[in-house]
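These notes concern the structure reproduced below.
Quick note: the coordinates plus some simple rules give every number you see, no bench work behind them. Note that the structure is predicted; figures quoted are calculated from it, not measured. Cβ atoms come from the backbone with ideal geometry, glycine included; neighbour counts cover every protein chain shown.
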Amino acid sequence: MASIKLNHQFFSKLTQGLKDNEIAKKLNISTVQLWRVRLPDHDPRHNDPGVDFIAGLLKAFPSVKFEDVFFLDTPLRSRKEELSTGTDG
């Protein structure tokens, strides 16, 4: 299944100069949620960005486009193929 991932490089530039607690407040999320999204995918404590994170970021930075800061880890074409062949999870 495709997951929404954070473009860490873009996010770092976007939030440059802000402390984690300032970023979390601006996005209306907890600092723990921010910390978990920033963890590497292989870390069991990692969380992909959820609805609150995504909505908070897009509201806090209205000039940012969704596709600038987020991406799918699996291309949609591959996802369609999984569904048509029945190889989904």
For this session: Compute the signed sum of charges (Lys and Arg +1, Asp and Glu -1) over the other residues within less than 14 Å, Cβ to Cβ, of residue 41.
Result: +1
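Order of 42, 8 from fewest to most other C-beta atoms within 10 Å?
42, 8
Test of understanding: ordering 43, 68 by Cβ neighbours within 10 Å, fewest first, what list do you get?
43, 68
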For this session: Could you pull out the trypsin sites (Lys or Arg not before Pro) across the stretch 1-83 that fall in loop regions by DSSP (anything but H, G, I, E, B) with no more than 13 other Cβ atoms inside 10 Å?
Result: 19, 45, 65
